[in-house]
Each structure stands twice: as C-alpha cells, then as structure tokens.
Amino acid sequence: MSSIRYEKETVEKMIRLYCRRKHKSAPGELCPRCEATNRYAQEKLDKCPFGDEKGACAECKIHCYKADMRENIRVIMRYAGPRMLLYHPFDYLIHVLKDRK
Ligand SMILES: [Zn+2]
C-alpha cells in the first residue's frame, strides 16, 4: 500500500476512535467537528506535493496545516496514537503530526 493511502486510512481510523470515545458518537459516525477535521486531513494528504515520497509531516518543510486544524489533529493523535498501537504497528505515523516544539 502506498504511504499516502496508508496514512489516509490511519488518520481516519484515529479520528474515528477518538470521536467515538471522546464525543460519544455512534459507531461509523463522526461529530461535525471531527468530520471537518477528517475531511481536512484527507484533503491535505491528497494534495501533498511529495506524494508517496513524503516523509513524516513533522519533518516536512511545508507547514500545510492551518493552526487550528494542526491543534485538532495533534490532540487526536496524542489520544489515539498509543491506542492504535494495539492494532497497528505504525511506528512512524506517531511522528507524522507531532508537535515540533
Ligand atoms: Zn468528534
């Protein structure tokens, strides 16, 4: 699987997990805020100029996320990341959008 496709699926899984646990959304559904975050993340991955050559977003020179979306995603990753490890050995995705500070 290409890295973009893998990332898109993984991001969506993380957002779904987060939304279900934190916002009590029904399985298979997202609250409006998470829906918007997911759509935004998917779009950014679609438009990533590096395509499948892309590395971790945290190491990328292009800061393509708006500040508020960055924050949303960061919170979601921090919550869902460790839990996702139970299901997926995605060691590098944890770094994808982690705080650069
Ligand atoms: Zn939500």
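Read the figures in this text as sums done on the coordinates, not as results from a lab. As the structure is a prediction and not an experimental result, all values here were calculated from the model. Virtual Cβ from ideal backbone geometry, glycine too; neighbours counted across all protein chains shown.
See the values below:
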{"item": "Residue list for the range 25-70, filter: part of a helix (DSSP H, G or I), basic (Lys, Arg) and farther than 17 Å from Glu7 by Cβ", "result": "Arg33"}
{"item": "Selected residue (criterion: nearest to Arg70 (Cα to Cα)) from residues of the range 10-44 that are hydrophobic (A, V, I, L, M, F, W, C) and surrounded by 19 or more Cβ atoms within 10 Å (Cβ to Cβ)", "result": "Ala41"}
{"item": "Subset of the range 10-31 [within 8 Å of the ligand (Cβ to nearest atom) and of a type outside the set (Lys, Arg)]", "result": "Ile15, Tyr18, Cys19, His23, Ser25, Leu30, Cys31"}
{"item": "Residue in the range 58-68 that is surrounded by fewer than 16 Cβ atoms within 10 Å (Cβ to Cβ) and closer than 14 Å to Glu9 by Cα present", "result": "no"}
